[in-house]
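The values are calculated or read from the model by the stated rules, or taken from the named source; none is laboratory data. Keep in mind that this is a model prediction, so the values were computed, not measured. Positions of Cβ are generated from backbone atoms using ideal geometry, with glycine treated the same way; all protein chains shown enter the neighbour counts. These area figures cover heavy atoms from the full protein model, side chains too; ligands, DNA and RNA do not enter into them. Shrake-Rupley method; radii C 1.70, N 1.55, O 1.52, S 1.80 Å.
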Amino acid sequence: MAGKASKDKASKDKASKGGAALTHIDASGEARMVDVSAKAATERTAVAEGRVVMGKATLELIVSGNAKKGDVLGTARIAGIMAAKRTSELIPLCHPLALSKVTLDITPDKKLPGCVVRATVKVTGPTGVEMEALTAVSVACLTIYDMIKAVERGVRIEGIHLVEKIGGKSGHYRAEP
């Protein structure tokens, strides 16, 4: 058992020196909220995207505004914005942030067929907004599903990912197309 503990500590030390350590795990392996109190408040932006894939007839109901539950895209947009603002209540180790901007663009795409959901979140603070953007997209996609599930149960939510992150110590990240 002592050998395992020694090996675990050595791998943690190696990871922290190489910059690949998990920031939400402390030296003893316990989950922790990262201390950002010494970090400068800078402007940070994150963009995330996902897709809701459905049949052509279901997409047409959404586009025409004839879904039984009402305005699918408008409701999903509001749900995504609300979710971004409440991310710290949903993801245990996220910091509560005073977001300065949240936009959700939902574009019907006949080629999928379905909707492409894209969130842009901005803050001036000591930590980034990747989780807020990803949460906004996730909840907007789930809301679309909820509003159309009576018409089509086989709807798929796919490809939720971070598209871009700007600002902070780690700099600019852009996903490969």
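What number comes out for the charge environment of residue 107, summing +1 per Lys or Arg and -1 per Asp or Glu over other residues with Cβ under 14 Å away? If you can, show how the numbers build up before the last one.
Numbers: positive: 51, 77, 110, 111, 118; negative: 49, 105, 109.
Once positives and negatives cancel, what remains is +2.
Could you work out the local net charge near residue 168, counting Lys and Arg as +1, Asp and Glu as -1, over the other residues with Cβ closer than 13 Å to its Cβ?
Charge balance near residue 168 sits at +2.
Within the chain, what whole-number % of the accessible surface is contributed by carbon and sulfur, with the 1.4 Å probe and all protein chains included in the calculation? Numbers along the way, then the final one.
On the way: 6060 of 10590 Å².
The computed percentage sits at 57.
Can you figure out the FRET efficiency of residue 24 with residue 64, using R₀ = 45 Å and their beta-carbon distance, to the nearest 0.05? Walk me through the intermediate numbers first.
Values: r = 45 Å, r/R0 = 1.00.
Result of the calculation: an efficiency of 0.50.
What order, most packed first, do the peptides 147-154, 27-34, 133-140, 56-63 have when packing is the mean number of other Cβ atoms within 10 Å of each residue?
Values: 147-154: 14.2, 27-34: 10.8, 133-140: 26.6, 56-63: 16.8.
Order by mean packing, descending: 133-140, 56-63, 147-154, 27-34.
Could you work out how far apart the two model spin labels at residue 43 and residue 170 are, taking each label as a point 7 Å from the Cα in the direction of the beta carbon, and quote it in nm?
For the pair residue 43/residue 170, the computed spacing is 2.1 nm.
Could you give the size of the charge dipole of the chain about its Cα centre, using +1 on the Cβ of each K and R and -1 on the Cβ of each D and E, expressed in debye and rounded to the nearest 20?
Working: 27 positive and 19 negative charges, 46 e Å.
Dipole of the chain, to the nearest 20 debye: 220 debye.
Put a dot 7 Å past each Cα toward the Cβ at residue 56 and residue 90; how far apart are the dots in nm?
Using points 7 Å along Cα→Cβ, the separation is 3.3 nm.
Taking the Cβ of residue 123 as the center, what net charge do the other residues with Cβ under 9 Å away carry, scoring Lys and Arg +1 and Asp and Glu -1?
Values: positive: 44, 101, 122; negative: 43, 132.
Net charge around residue 123: +1.
Which pairs in the list 122/169; 110/165; 56/165; 56/122; 101/165; 68/122 are over 26 Å apart, alpha-carbon to alpha-carbon?
Numbers: 122/169 16 Å; 110/165 28 Å; 56/165 33 Å; 56/122 34 Å; 101/165 14 Å; 68/122 34 Å.
In this structure, 110/165; 56/165; 56/122; 68/122 lie more than 26 Å apart at Cα.
Given 66, 78, 36, which one lies farthest toward the positive end of the charge dipole of region 32-96, if we put +1 on the Cβ of every Lys and Arg and -1 on the Cβ of every Asp and Glu?
Value: 66.
Under a 1.4 Å probe, what is the accessible area of region 28-177 per residue, stated in Å²? Could the numbers behind the result be given before it?
Details: 8240 Å² over 150 residues.
Per residue, region 28-177 has an accessible area of 55 Å².
Return the calculated 222 nm mean residue ellipticity for the chain, to the nearest 500 deg cm²/dmol, obtained by summing -39500 (n - 2.57) across DSSP H runs with n ≥ 4 and dividing by the residue count. Let's see the in-between values first.
Details: 5 runs with 63 residues, N = 177.
Value at 222 nm, helices only, nearest 500: -11000 deg cm²/dmol.
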